[in-house]
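Read through the structure below, which is laid out as structure tokens, and then see the notes.
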Amino acid sequence: MSTKRISLTQYLIEQQRGEAQIPAQLRLLIEVVARACKRIAINVNKGALGDVLGTAGSENVQGEVQKKLDVIANEVLIEANEWGGHLAGMASEEMDDMLGVPNRYPQGEYLLLFDPLDGSSNIDINVSIGTIFSVLKHQGGEVTNESFLQPGTAQVCAGYCVYGPQTTLVLTVGKGVVLFTLDREQGAWVMTEDNLRIPEDTKEFAINMSNMRHWAAPVKRYIDECLAGKEGPRGKDFNMRWVAAMVADVHRIMTRGGIFMYPWDKREPNKPGKLRLMYEANPMSFLVEQAGGVATNGTQRIMEIQPTQLHERVSVMLGSKNEVELVTSYHREAQ
Ligand code: AFP
């Protein structure tokens, strides 16, 4: 990390001029989303002192009960992005269909997808939550749900914000991964790491162990070997973490390595997994790969999956290269 800490704005201006050559509209998009995340953080931090806890009394397209902060975060992101002229449309975990830009505003060339508040079950217990976002280019024509159905390899930008002990923004525009920490005194995002890298090996896995009896054999084999520790085939002991907010588990992996898994299980055999491809797995996979990690659905690179539905789900295994490749090899052996 260079000693001089720069702001997000300065970083983006340097990227605009430099190697990444990010277009002005994309720079504006990132600044708008980063500003929206600051507003979401303010709402999150109110807790019981604001009218932000508990449920909103509605369900989202996933059939999940929406928390008040899910709705607030979604509205903050929509209001922040609809007038800037940088977007052709938005899609959100909290909205059944994509949302076009109101006719009174100019239309831009980007498509923004987001999970406005990931880890909602952690809100009322004061455990880390976050916002995840992904950016695609609109390929022209009328903007519909189908405009968003592009593989993860088409992403031009991805990032997440963690509302935790610190408020951090992790971002990639395809030239590595940078970390910004919110300086609350200035209200500014300040770069605190300029090149996040995920170690290729790890001794830490993240999975919801309560689902063990429902897993497919390759996942059970991999976790059993981790649990066998030094005496087992892996020859080393493993630690386990599970925050139940993908954004927090992935941030741990981005900062010290590890493997995160939310695999298919037989509770709902027709569902490929719990997590959503377009606004959870794809942006996180882009960030993980840009930091030297690997992200698969057990058999295939997540970013090469051709989406067929806006809210489709996917099995997720991502993080330290050698671990993800090992559990992926177990899946391929079992095919
Ligand atoms: P919620 O937003 O409903 O809390 O779900 C969070 C999440 O989609 C993802 O962020 C977590 O990794 C995963 O679900 C946790 O799922 P379990 O509660 O089944 O462990």
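Assorted remarks:
- Residue within segment 221-241 that is in contact with a helix residue (DSSP H, G or I) (Cβ under 9 Å, 6 or more places away or on another chain), within 16 Å of the ligand (Cβ to nearest atom) and open to solvent by 50 Å² or more (accessible area, probe 1.4 Å) present: yes
- Any hit, segment 252-268, residues being within 16 Å of the ligand (Cβ to nearest atom), part of a strand (DSSP E or B), buried (at least 16 other Cβ atoms within 10 Å of the Cβ) and among the acidic types (Asp, Glu): yes
- Each residue in segment 30-78 was checked for being free of Cβ contacts under 8 Å to residues at least 12 places away in the same chain and closer than 27 Å to VAL156 by Cβ, and 1 pass.
- Those strands (runs of 3 or more DSSP E) lying entirely in segment 111-208 with at least 1 residues within 16 Å of the ligand (Cβ to nearest atom) and touching a strand residue (DSSP E or B) at 6+ places or on another chain (Cβ under 6 Å): 129-137, 157-163, 167-172, 204-206
- Residue match in segment 158-180 (condition: out of contact with any helix residue (DSSP H, G or I) (no Cβ under 9 Å at 6 or more places or on another chain), within 20 Å of LYS46 (Cβ to Cβ) and not hydrophobic (A, V, I, L, M, F, W, C)): yes
Each row is one residue, and each column tells you yes or no for (1) under 23 Å from the mean Cα position of the chain (by Cα); (2) of a type in the set (Gly, Ala, Ser); (3) assigned by TED's automatic domain parsing to the domain that holds ILE129.
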position: ASN208; (1), (2), (3): yes, no, no
position: HIS214; (1), (2), (3): no, no, no
position: TYR222; (1), (2), (3): no, no, no
position: GLU225; (1), (2), (3): no, no, no
position: GLY229; (1), (2), (3): no, yes, no
position: ASP237; (1), (2), (3): no, no, no
position: TRP242; (1), (2), (3): yes, no, no
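Yes/no per residue for (1) farther than 30 Å from LEU99 by Cβ; (2) open to solvent by less than 20 Å² (accessible area, probe 1.4 Å); (3) basic (Lys, Arg); (4) outside the structural domain of GLY89 (by TED's automatic domain parsing):
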| site | (1), (2), (3), (4) |
| --- | --- |
| GLU289 | no, no, no, yes |
| THR299 | yes, no, no, yes |
| LEU310 | no, yes, no, yes |
| GLU325 | yes, no, no, yes |
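- Residue list for segment 220-247, filter: touching a Phe, Trp or Tyr at 6+ places or on another chain (Cβ under 8 Å) and assigned to a helix (DSSP H, G or I): ARG221, TYR222, ILE223, CYS226, LEU227, GLY229, MET246, VAL247
The values are calculated or read from the model by the stated rules, or taken from the named source; none is laboratory data. Computed from a predicted structure; not experimentally measured. FYI the Cβ positions are ideal-geometry reconstructions off the backbone, even for glycines, and counts take in every protein chain you see. The area values use the complete protein model at the heavy-atom level, side chains included, leaving out ligands, DNA and RNA. Shrake-Rupley method; radii C 1.70, N 1.55, O 1.52, S 1.80 Å.
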